Structures are given as C-alpha cells and as structure tokens.
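Readers should treat all values here as calculations from the given coordinates under stated rules, not as data from a laboratory. For clarity, every value in this text was computed on a predicted model and none was experimentally measured. For neighbour counting, all protein chains shown are included, and Cβ atoms are generated from backbone atoms with ideal geometry for every residue, glycine included.
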Amino acid sequence: MGTRLSALTGNLLKKDPIDRLASAYYDGAQHLAEQLLQLLLLDESLHQLDRLRSQV
C-alpha cells in the first residue's frame, strides 16, 4: 500500500512509514486500526480518481 499511496500522491506520503504502520498493525498493534483504515480509504479513493482521470 505504501508504494501505491506514494505514487498516487506524488511522494507527499512516504512509502516506508505507511508500510511500517501496516506491518505494526498486522503484528498486533490494534490501536493503529483507525489510522490504517483511513489510509486504506484514501488509497482506494485516489486509485479510483486516477482511473477516472485516465479514461478522460
């Protein structure tokens, strides 16, 4: 997810911190659930907008 978010934001969001947050959550840091959900929603929204932009 970090790679895609970094690419979709022109590197405004950095790959490594996103990937570390996701890894920490999957390793049991449940307190990061909301932050990860927000990143997932942002990732999907930006991906959809990017696809729409490509169709125009």
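Each Lys and Arg contributes +1 and each Asp and Glu -1, all at the Cβ; summed about the Cα centre of region 2-51, the dipole is approximately 140 debye. Inverting the pair-averaged 1/r between distinct Cα atoms of the chain gives 11.7 Å as its Kirkwood hydrodynamic radius. Between the listed residues 24, 35, 13, the Cα displaced farthest toward the positive end of the dipole of the chain, a dipole computed from Cβ unit charges relative to the Cα centre, is found at 13.
Local charge for residue 3 was computed over the other residues whose Cβ lies under 11 Å away, with Lys and Arg +1 and Asp and Glu -1, and equals 0. Secondary-structure-derived ellipticity at 222 nm for the chain, considering helices only, amounts to -24000 deg cm²/dmol, per-run term -39500 (n - 2.57) for DSSP H runs with n ≥ 4.
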